[in-house]
Amino acid sequence: MNFENERAPLIPAIPAAAVAPGSRQYGTTYNRNSFLREMTSSSMVNNVADESGRKLRQYIAGLAASGGALAVGTFLGWTSPANFPLVQKQEYGFPISMEEFSWIESITNLGAAVMCLLIGILMKMIGRKWAMLTMVLPLLLGWLLIIFAKNVAMLLVGRFFLGMGGGAFCIAVPAYTAEIAQSSIRGMLGTFFQLLVTVGILFVYGVGAAVNVQMLSIICGVIPVAFGLIFLCMPESPHHFIGKGRDVDASKSLRWLRGISYDSRAEIEALKAENARIREENITFVQSFKQRATIRALAISLGLMFFQQLSGLYAVIFYTPTIFANANIGSDNTTISIIVGIIQVDATLLATFMVDKTGRRILLIISDFFMAISTILLAVYFQLMEKDATLLKNLEWLPTLAVCLFITMFSIGYGPIPWLMVGELFANNAKAYVSPLVGVFTWTLAFLITKIFPYLPDALGIAGVFWLFSGLSLVGTVFVFFIVPETKGIALEDIQRMLSDEKVQRFSGHSNLAMEDDD
């Protein structure tokens, strides 16, 4: 078992733009946009009687886009059932050492980091939809190289291509879902990606127990093709159409998403006003870092990614077989993988329904705090085991409970929410520069952790490793409490005003703009 097998990756999105706080133009734009949002809300309420029907297509489009996450989950989970057959049984007919397989596992992180630098440009050129459809090609090529691999080099290149496709989806899918969704369901659509990742991981664990590695790879290779065929029928983001001056296409996209009776004129005007302001404030890479909102968003995003990757999930997963064996649950890796996968799916599904009700911030705080409690329990357990194992008699259930609690808490908060918030925090005029930096940082950090972690127990001891991660989780809890804002129910453009220390208003209810002061 290893961290990469279980780690559910990450989700960015592309929000609206920031403005220069305190200027007369800023205040004028704010009033106009507020008026247009009210018009949009009234239009939605007056023209569409069935609210659930109006949102149904947004859910469909969000799930279709998140089909790319299912493909990501399959290649993240693939290494777990493939490890023993390829390394020990040499199922592919050529030897693979443990060191070589560790590179096969981790090289996907490098592929993802590389594509994070490119996908923002691609989305701007050809749109969110076609950028995602283009990623079917590296995913398909990656699986073909793995299916017909004749040596380790083919496996490495194949996994690198899979990482490229996965890294792109982590940027593009939340960008798309954030732009098609109403504020009241934006959080739920944003967590679909993480949910489908965990479903993909569990799917591979289950199928991998029944078939050989080559057949498993063939089945996994079908998934990105199926995604492409389904997503081809979905609309492009209206934000992209407005940016290209295609108002009629944007209106068609909104009517598909909101319902055939939806009057899109007010929302189109609001998007055009926002786009005009973005064009006026077109900035360079250096200028983007002079915006207060961008600096704060980057600090928050990098902090969330840092504490996500250093939450201790890799350590928990790595020692789960030992803990389960001591509790007489079993030491079979397949059984353990499936148990962990089920917990991840269930907890992430719970987060999907909670994120727009409870908010992002409170879930992050609860998640990090209880992950700290879980790793403290594991640190105490292994410390007592090193001193006197007899002290642990009749306490075998305690570390098992700690493992299950940790995985649940990670999946509820720090699994799905950091990338959801990254998507909400960055402005349109800075996102092409800054969002890729967060992606590169995260995937590079994941790569370093997977390579460095095996050496930590020798340096710190098993108990010391868990003490380290518990301390980091507690620091992460403090970070969220004091630094991370709540973005629940706030329009994307208003999030930029909030980051610029402007007073904003929050959406409540569904599509009605019952506004309340953020204060």
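The values are calculated or read from the model by the stated rules, or taken from the named source; none is laboratory data. Note that the structure is predicted; figures quoted are calculated from it, not measured. Neighbour counts are summed over all protein chains in view; Cβ atoms, including those assigned to glycine, are modelled from backbone coordinates with ideal geometry. Ligands, DNA and RNA are stripped out before the accessible areas are found, and what is left, the full protein with its side chains, is counted by its heavy atoms. Shrake-Rupley method; radii C 1.70, N 1.55, O 1.52, S 1.80 Å.
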*Along region 150-164, what does the Karplus equation 6.51 cos²θ - 1.76 cosθ + 1.60 (θ = phi - 60°) give for ³J(HN,Hα), rounded to whole Hz, x for Gly and Pro?*
10, 7, 5, 4, 5, 5, 5, 5, x, 5, 5, 5, 4, x, 4
*asked:* As a test question: what accessible area, to the nearest 10 Å², does Asp247 have when a 1.4 Å probe is rolled over all protein chains in place?
replied: 50
*Enumerate the calculated ³J(HN,Hα) couplings along region 243-250 in order (Karplus 6.51 cos²θ - 1.76 cosθ + 1.60, θ = phi - 60°), each rounded to whole Hz, writing x wherever the residue is Gly or Pro.*
x, 9, x, 9, 5, 5, 5, 5
*Given a cut-off of 28 Å, name the pairs among Lys89/Lys387; Lys55/Lys124; Lys124/Lys488; Lys393/Lys451; Lys55/Lys488; Lys150/Lys451 whose C-alpha atoms lie farther apart than that in the structure shown.*
Lys89/Lys387; Lys393/Lys451
*Based on a Kirkwood Rh over C-alpha pairs, give the Stokes-Einstein translational diffusion coefficient of region 54-234 at 25 °C and viscosity 0.890 mPa s in µm²/s.*
149
*Where only protein heavy atoms count, and the probe is 1.4 Å, what is the accessible area per residue for region 54-234 in Å²?*
33
*asked:* Give me log10 I(q)/I(0) at q = 0.09, 0.14, 0.15, 0.18 Å⁻¹ for region 282-502, Debye formula, one equal scatterer per alpha-carbon, no solvent.
replied: -0.41, -0.88, -0.98, -1.28
*Neighbour cut-off at most 12 other Cβ (10 Å), DSSP loop, trypsin sites (Lys or Arg not before Pro), region 99-163*: Lys150
_Accessible-area order (highest first, 1.4 angstrom probe) of the listed residues Arg296, Arg497, Arg279_ = Arg279, Arg296, Arg497
*Cα centroid separation, region 366-418 to region 147-165 (Å)*: 35
*Whose amide H sits under 5 Å from the amide H of Thr487, counting only residues 5 or more places off or on another chain, with H placed in the peptide plane?*
Arg360, Arg361
*Give, rounded to the nearest 20 debye, the magnitude of the charge dipole that region 54-234 has about its Cα centre when Lys and Arg contribute +1 at Cβ and Asp and Glu contribute -1 at Cβ.*
720
_Give me a comma-separated list of calculated 3J(HN,Hα) values for region 208-213, in order, Karplus coefficients 6.51, -1.76, 1.60 applied at θ = phi - 60°, integers in Hz, x for any Gly or Pro._
x, 6, 10, 10, 7, 5
*Under the definition of Cα pairs under 8 Å and six or more residues apart, what whole-number percent is the relative contact order of region 54-234?*
41
*In whole percent, how big is the carbon plus sulfur part of the accessible area of region 282-502, probe 1.4 Å, protein atoms only?*
70
*Stretch Lys290-Lys387 to full length: gain in nm at 0.36 nm per residue minus the Cα-Cα span?*
29.5 nm
*Label-point separation (nm) for Phe453 and Phe481, each offset 7 Å from Cα along Cα-to-Cβ?*
2.7
*Which percent of the accessible heavy-atom area of region 54-234 goes to carbon and sulfur, probe 1.4 angstrom?*
75
